[in-house]
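Colleague: Have a look at this one before I ask anything.
The values are calculated or read from the model by the stated rules, or taken from the named source; none is laboratory data. What you are looking at is a predicted structure, and each value in this text was computed from that prediction instead of being measured. Cβ: placed from backbone, ideal geometry, glycine included. Neighbour counts: every protein chain shown. These area figures cover heavy atoms from the full protein model, side chains too; ligands, DNA and RNA do not enter into them. Shrake-Rupley method; radii C 1.70, N 1.55, O 1.52, S 1.80 Å.
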Amino acid sequence: MSQAVLKLKKVIVDFSGFKAINQLDFTVKPNSVHFVIGPNGAGKTTLLDVVCGKTKATNGEIKLQGTTEISKLSEDQIVHQGISRKFQAPSIFQNLSVIDNLEIAMKQKKKLFSMITAKWTNEQKKKVSEMLELVGLKEVQDQSAGSLAHGQKQWLEIAMVLMQEPDIVLLDEPIAGMSKKERNKTGELITKIAKDRAVLIVEHDMDFVKEYADIVSVMHEGQLLFEGSMEEVQNDPTVREVYLGRKVEEHVVS
Amino acid sequence: MQNTIYQKIWSQRVILNLIFLLLLAAPLFLSDFRLNLLGKFLAFAILAIGLDLLWGYTGVLSLGHGIFFGLGAYCMAMYLKLEATGGGLPDFMAWSGMSELPLIWIPFQYPIVAIILGILLPAIIAFMLGYLTFRNRISGVYFTILSQALVLVVVTLFVGSQNLTGGSSGLTNFNTFFGFSVNSATTQTAFYIITVIVLGLVFFLSRKLVKGRFGKILVGIRDGENRMRFLGYSPSAYKTFIYTLSAAIAGLAGMLFVLQVGIISPTMIGIIPSIEMVLWVALGGRGTLIGPVIGAVLVNAAKTGFSESYPDIWTYFLGLLFVLVVVFLPKGITGLFEKWNDRRKKQDVSSSVEVEKSYS
Ligand SMILES: Nc1ncnc2c1ncn2[C@@H]1O[C@H](COP(=O)(O)OP(=O)(O)O)[C@@H](O)[C@H]1O
Ligand SMILES: [Mg+2]
């Protein structure tokens, strides 16, 4: 339980002189809903980028399950190591149907020649059907993904991430642009999926974080400022100063 | 819902089979001259299917498929030329002062070797270029520019090596193929039938490929290459494969072309033909397989018609056509059919609702 699924050690991401992530140590525990908060430009998205291989670390190590070093792997290799990412803007395949999106996303051999002869197995059919049920897209499974409502697109992408059966799910602002009802549904979904895996979420909405977080990490200028429960975070004076305090002020001003 | 999908696939299949049978029966009702023209168009249609796999499905625009077509055509032409000289030196080599057959011509004495090389050579070149560019994530317009550069290099090479390729006049004056006179009507009819069968096979296999999970992955790469990486795919492998496959298909088409047209020269494989090939696909409707076949036949039929009466304005017309298609028919001719079909379906739905109402 306490064994970390993901461990970053002294990771640096250097954008030609500017260190978006600076000597960051970061640990993700299994079966936890782990939120990352922090002011704009703190490096939260970059943290997800460097874990999923979108951006390469300039320095440091990223270890999966205590053993596998992933910082030198390509994006697709990292996926096969058990890390899946949902991007901020829904990036689904608009021209494919909902079920087609899940078909290509699901865990399977994804090499060229296994794909030429790929056929549906009964197990795959069952898994896809269960997933459609879970995210509530069963009714629209044959519609093109482009025709879905915004919230449905978000869930479709979450479903695509889950179909890869990852050990770690990375979500970047999953509830942005959702209605209150959709937010609740997404929150429940996150709680549910965290039973079998770790979920690392970047989010701005403090009410949402408070409601669903097991652990909250506060980032500031590419470093970890504080880590703990939401309550501890809210009561920490330095956090209040650099982040929450500023946010309160902004609210007062506007 | 399920039923109408089955009906749609079934009726598509029936239409495709009818077209295929009609093409097979064409020798019964077309003159030798028209049949020969149709055979040429169908060779182009084969190439268009491969180009559609690459552009329509995978989103990689190659403006250099004339080269792969040309390599296939030249391989076949070299064999035909050697057959015509009875193993002796081709005339243009003698004129440029050579006394024995150059090394690279020797394999082409054997028809089987020539046929294999006509497919393999374009495939190998495409594989090498594709592997290097796609693996280094060179894509979009940069790849398209590279594909044009390839045309320039190869055409310059072919024109420059007069003593090896016949230079700008190319290769022509053939006699026999496997001992059969290439100029007899019977042999030409046989070439036509072979072309139709190859077209059917290429179409059938391509359809099988894109209708399955593989086709969805290609569309995924076309619409969101980066996203596919984060689903665990390596798009460069898929793109290299499809590029190689489409080059092999183009080579095949080139061989069938030269058998029926009897000449191949650098102007037939250069930049303008390469662009025309893309136009066939665009006009017919990319991402549909049948569209490019229709496009290839229609554009070339129009070209033949035009060139007979006004040879000069064809290029202008072609340019105009391209603009019109891009602006008004982004989905090509098959896009029109789809629209029409959708409209009809909607009418069906509303009329069936009315029927239900009247019964309830
Ligand atoms: N590709 C890039 N090149 C240069 N600077 C970048 C790049 N990506 C992010 N940054 C910079 O790094 C910092 C952290 O960005 P980001 O991780 O997106 O912050 P956030 O915490 O708001 O998600 C920002 O100042 C941003 O401008
Ligand atoms: Mg961000």
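Colleague: For an R0 of 35 angstrom, estimate the FRET efficiency from the Cβ-Cβ distance between A:LYS7 and A:ALA89 and round to the nearest 0.05. Let's see the in-between values first.
Modeller: Numbers: r = 29 Å, r/R0 = 0.83.
Taking R0 as 35 Å, the efficiency between A:LYS7 and A:ALA89 is 0.75.
Colleague: Accessible area of the stretch B:31-329 with a 1.4 Å probe: how many percent of it is carbon plus sulfur? Mind showing how you got there, number by number?
Modeller: Numbers: 8370 of 11940 Å².
Roughly 70 percent, rounded to a whole number.
Colleague: Further question on the same structure: Mind pulling the angle between the C-alpha long axis of helix A:122-134 and the longest principal axis of chain A? Nearest 10 degrees, somewhere in 0 to 90.
Modeller: 50 degrees
Colleague: Once you have the alpha carbon radius of gyration of the protein assembly as shown, what is it after dividing by 2.2 N^0.38 Å, with N set to its residue count? Before the final figure, lay out the partial values.
Modeller: Numbers: Rg = 30.0 Å, N = 614, 2.2 N^0.38 = 25.2 Å.
Rounded to two decimals, the normalised Rg is 1.19.
Colleague: Hydropathy first: keep DSSP H helices in chain B averaging at least 1.6 on Kyte-Doolittle, then drop any whose Cα extent along the axis falls short of 24 Å, and list what survives. Walk me through the intermediate numbers first.
Modeller: Details: long enough: B:2-29 (40 Å, 0.96); B:32-52 (30 Å, 1.23); B:65-84 (28 Å, 0.94); B:111-135 (35 Å, 2.10); B:141-160 (28 Å, 2.25); B:185-211 (38 Å, 1.35); B:235-261 (38 Å, 1.25); B:290-309 (29 Å, 0.88); B:332-359 (41 Å, -1.15).
Membrane-span-like by this rule: B:111-135, B:141-160.
Colleague: Related question: Excluding residues on the same chain fewer than 8 positions from B:LYS303, give the lysines whose Cα lies under 23 Å from its Cα.
Modeller: Once the sequence-local lysines are set aside, what remains near B:LYS303 is B:LYS40, B:LYS331.
Colleague: Moving on to the next point. DSSP loop (so not H, G, I, E, B), at most 12 other Cβ within 10 Å: list which trypsin sites (Lys or Arg not before Pro) in the stretch A:48-123 pass both filters.
Modeller: Taking the stretch A:48-123 and a limit of 12 other Cβ atoms within 10 Å, the loop trypsin sites (Lys or Arg not before Pro) found are A:LYS56, A:LYS72, A:LYS109, A:LYS119.
Colleague: Output needed: percent of Cα pairs per 10 Å distance bin for the stretch B:125-175, bins running from 0 to the one holding the longest distance.
Modeller: For the stretch B:125-175, the pair-distance distribution reads 23, 35, 24, 15, 2.
Colleague: Further question on the same structure: Put one equal scatterer on each alpha carbon of the stretch B:120-274, apply the Debye formula with no solvent term, and list log10 I(q)/I(0) at q = 0.12 1/Å to two decimals.
Modeller: -0.68
Colleague: How large is log10 of I(q)/I(0) for the stretch B:31-329 at q = 0.15 Å⁻¹ when the intensity is taken from the Debye formula with one equal scatterer per alpha-carbon?
Modeller: Here the Debye-derived log intensity ratios amount to -1.18.
Colleague: So what are the stretch B:1-133's ellipsoid semi-axes, whole angstrom, largest first, if each one is the square root of 5 times an eigenvalue of the alpha-carbon gyration tensor?
Modeller: On the way: eigenvalues 291, 107, 27 Å².
Taking √(5λ) for each eigenvalue gives 38, 23, 12 Å, largest first.
Colleague: Follow-up. Give me Rg/Rg_expected for chain A, where Rg uses Cα atoms only and Rg_expected = 2.2 N^0.38 Å with N residues. Working shown, then result.
Modeller: Details: Rg = 18.7 Å, N = 254, 2.2 N^0.38 = 18.0 Å.
The reported ratio for this selection is 1.04.
Colleague: Taking the C-alpha atoms of the stretch A:90-165, how large are the radius of gyration and the largest Cα-Cα span, Dmax, in Å?
Modeller: 11.9, 35
Colleague: If you don't mind, another one. Under 19 Å from a point 7 Å along the Cα-to-Cβ line of A:GLN141: which residues of the stretch A:102-129 have their amide N that close?
Modeller: The answer is A:102-108, A:119-129.
Colleague: Separate question: Run the helix sum for chain B: -39,500 (n - 2.57) per DSSP H stretch of 4+ residues, divided by residue count, reported at 222 nm to the nearest 500 deg cm²/dmol.
Modeller: Numbers: 14 runs with 271 residues, N = 360.
Computed ellipticity for chain B at 222 nm equals -26000 deg cm²/dmol.
Colleague: Another question, then. For chain A, what is the accessible area per residue in Å², given a 1.4 Å probe and the full set of protein chains?
Modeller: Working: 11940 Å² over 254 residues.
For chain A, the solvent-accessible area averages 47 Å² per residue.
Colleague: Suppose R0 equals 51 Å. What FRET efficiency, 1/(1 + (r/R0)^6) with r the Cβ-Cβ distance, do B:ASP32 and A:ASP14 give to the nearest 0.05?
Modeller: Details: r = 72 Å, r/R0 = 1.41.
Using R0 = 51 Å, I get an efficiency of 0.10.
Colleague: Give me the accessible area buried between chains A and B, both sides summed, with a 1.4 Å probe, in Å² rounded to the nearest 100.
Modeller: On the way: alone 13070 and 18750 Å², together 29430 Å².
For chain A against chain B, roughly 2400 Å² becomes buried.
Colleague: Past 24 Å, Cα to Cα: identify those pairs from A:LYS54/A:LYS153; A:LYS86/A:LYS111; A:LYS10/A:LYS195; A:LYS29/A:LYS63; A:LYS19/A:LYS56; A:LYS107/A:LYS210, in the order given. Before the final figure, lay out the partial values.
Modeller: Working: A:LYS54/A:LYS153 22 Å; A:LYS86/A:LYS111 22 Å; A:LYS10/A:LYS195 29 Å; A:LYS29/A:LYS63 12 Å; A:LYS19/A:LYS56 13 Å; A:LYS107/A:LYS210 32 Å.
Beyond 24 Å between Cα atoms: A:LYS10/A:LYS195; A:LYS107/A:LYS210.
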